[in-house]
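Below you'll find the structure, written out as structure tokens, and then a few comments.
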Amino acid sequence: MSLLSAMIKTYKGDKASREKTANLQRRRLIKLIKYAKSNSPYYKELYSSIDDELIASESFKLIDLPPVTKPELMSHFDDVLTDRSITMKRIDDFTSDLSNIGKMIDDKYLIFKTSGSTGNPAVVLYDKQNIDVSSAIAAFRTFARKEDYDRFMKHGKKTAGVFADYGFYLACGMSKYLQLKMPRKKTKINVDVNAPEAKIVKALNAFQPSMLSGYPSNLALLADFKELDIHPDVVITGGELLTDQIRKKLEDRFGCYVQTHYSCTEGGEIACECEERHLHINEDWVIVEPVDKDYNPVPYGKMSDKVLITNLSNYIQPFIRYELTDRIIVHEERCKCGRTSHWLEIEGRTDDILEFENEIRIAPMSLYKVLEEVPDIRRFQLIQRSLTKLELRVTTDRDKETVFENAKKDLIAFFRKNGLTNIMIEPSDELPQANKTSGKFKHIYSDFN
């Protein structure tokens, strides 16, 4: 599929009826399943009891297939891939050189790493079709309002993202990829979310973006800086829950429309927001299944325990009924905006902004990015016990003491960089755990009076 073809199909898909979308979704699903079964040793074994005739029959349903998890796919990584020439060893060698961010291995696949917010970071490959579909969705479905899109185009499509700018993460990697493809165009910048605020403010002021994107908690902190003098046409957040409080704060500060979206590296752009603040599922390219803790379907209008997603455009690394720990509600009722697709609500991350002496505040996503870079951490939880003391809980398959010391060193360096020289990081015998009352899990939170 070419980029033009992806653009045309995505444009038409946005206007199709639910019945047409369901039929299209099914055709793409069957094609993906057959390809995965024929080219991936992992899926060939997983689906060994399901013959092709059943898959092609009208009686076949997606729930006939077993769900898969991140730890399971990562432990069988080489066998999951449909290109037998790509291995984790080759990927490790390729990603050890940070100059390869945004470049394709074998000129075929982009490599991304996930944040590991559930404790198990993933390595994800994008083939050209998946890249083109992502670009098409970005082109036609990113903007909730046409007037914001028109102003954005009029003002030169200048886009600034405040994300991690030093690793193989989706936002950073895709930005570098587009810059390498179109080196003469100076319409996109990515500012490191962990840079000193003064440096971020200076870069944004110099660039004057017409679109500003980033994590809600980080943008909320930047909004407090009077030195920040930018006038974006739209602010688009992601990676965390956009609360009503932060949405209003950003709207008041920047004087423009603020919106969000729902995406993940494995599933791509899952849902885009409309003017009604409803997240419409991109049902022509992704299947979303809300399920309970035992993987049973959850009806419309009810909160799920987790969600299974199937990415219909990724053929190099199929994600079919792939588990995400997000809790969502899918709605069947029609939206006033006129879009035909189902829409969802998501119970997003609600980690705390940590406050320290001298009114220094640190957004949770900044600390995520520090801990994600520490080798061998499988899961973490960082708890603020006082203005100067934090407790770090980690799980690892390696020597726990060594992993903790590496994490402690990187955290101390980060805090010193941000003007906090007296922070203590203490180990814990406790494992990362959900709140015993609410059952919700926070990776980063404050627990002191």
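Data table
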quantity: Summed residue charge, Cβ within 10 Å of D399's Cβ, Lys/Arg positive, Asp/Glu negative; calculated: -2
quantity: Restraint check, K293/K400; K31/K128; K31/K176, Cα-Cα greater than 20 Å; calculated: K293/K400; K31/K176
quantity: Residues with amide H under 5 Å from that of I444, placed H, sequence gap 5 or more; calculated: D352, L382
quantity: MRE, 222 nm, helices only [DSSP H, n ≥ 4, -39500 (n - 2.57), over the chain, to nearest 500]; calculated: -10000 deg cm²/dmol
quantity: In segment 349-449, trypsin sites (Lys or Arg not before Pro) in a DSSP loop with at most 16 other beta-carbon atoms within 10 Å; calculated: R385, R398, K436, K440
quantity: For segment 12-21, Karplus couplings with θ = phi - 60° (6.51, -1.76, 1.60), whole Hz, Gly/Pro x; calculated: 5, x, 5, 10, 6, 6, 4, 5, 5, 5
quantity: For C274, C337, order by how many other beta-carbon atoms lie within 10 Å, fewest first; calculated: C337, C274
quantity: Net charge over other residues, Cβ less than 10 angstrom from the Cβ of N418 (K, R count +1; D, E count -1); calculated: +2
quantity: Cα-centred dipole magnitude for segment 300-449, charges only on beta-carbon of K, R (+1) and D, E (-1), debye, nearest 20; calculated: 420
quantity: Local net charge near K336, Cβ-Cβ under 14 Å (Lys/Arg +1, Asp/Glu -1); calculated: 0
quantity: In Hz, Karplus ³J(HN,Hα) per residue of segment 193-205 (6.51, -1.76, 1.60; θ = phi - 60°; x = Gly, Pro); calculated: 4, 9, 6, x, 3, 4, 6, 5, 4, 4, 5, 5, 4
quantity: Segment 365-381 - phi-based ³J(HN,Hα) in whole Hz, Karplus 6.51/-1.76/1.60, Gly and Pro as x; calculated: 5, 5, 6, 3, 5, 5, 6, 5, 8, 7, x, 6, 6, 8, 7, 9, 8
quantity: Segment 11-144 - Kirkwood radius from inverse mean 1/r over Cα pairs (Å); calculated: 17.3
quantity: Average Cα contact separation per residue, segment 354-446, under 8 Å, 6 or more apart, as relative contact order %; calculated: 31
quantity: Set of aspartates and glutamates with alpha-carbon distance to K15 below 12 Å, sequence-local pairs under 8 removed; calculated: E283, D284
quantity: For V234, distant residues with modelled amide H under 5 Å away; calculated: L212
quantity: Projected-area mean, segment 298-392, by convex hull of Cα positions, square nanometres; calculated: 10.3
quantity: Cα pair distances in the chain, grouped into 10 Å bins until the bin that holds the longest one, percent each; calculated: 4, 20, 31, 28, 14, 3, 0
quantity: Neighbour cut-off at most 13 other Cβ (10 Å), DSSP loop, trypsin sites (Lys or Arg not before Pro), segment 289-325; calculated: K293, K302
quantity: Restraint check, K9/K37; K70/K202; K249/K417; K188/K249; K108/K409; K113/K185, Cα-Cα greater than 31 Å; calculated: K70/K202; K108/K409
quantity: Most fluctuating residue given options K248, K128, K61, as computed from a GNM of the chain linking Cα atoms under 10 Å; calculated: K61
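Readers should treat all values here as calculations from the given coordinates under stated rules, not as data from a laboratory. Everything numeric here is computed off the predicted structure, so don't read it as measured data. Methodologically, a virtual Cβ is constructed for each residue, glycine included, from the backbone with ideal geometry; neighbour enumeration extends over all protein chains shown.
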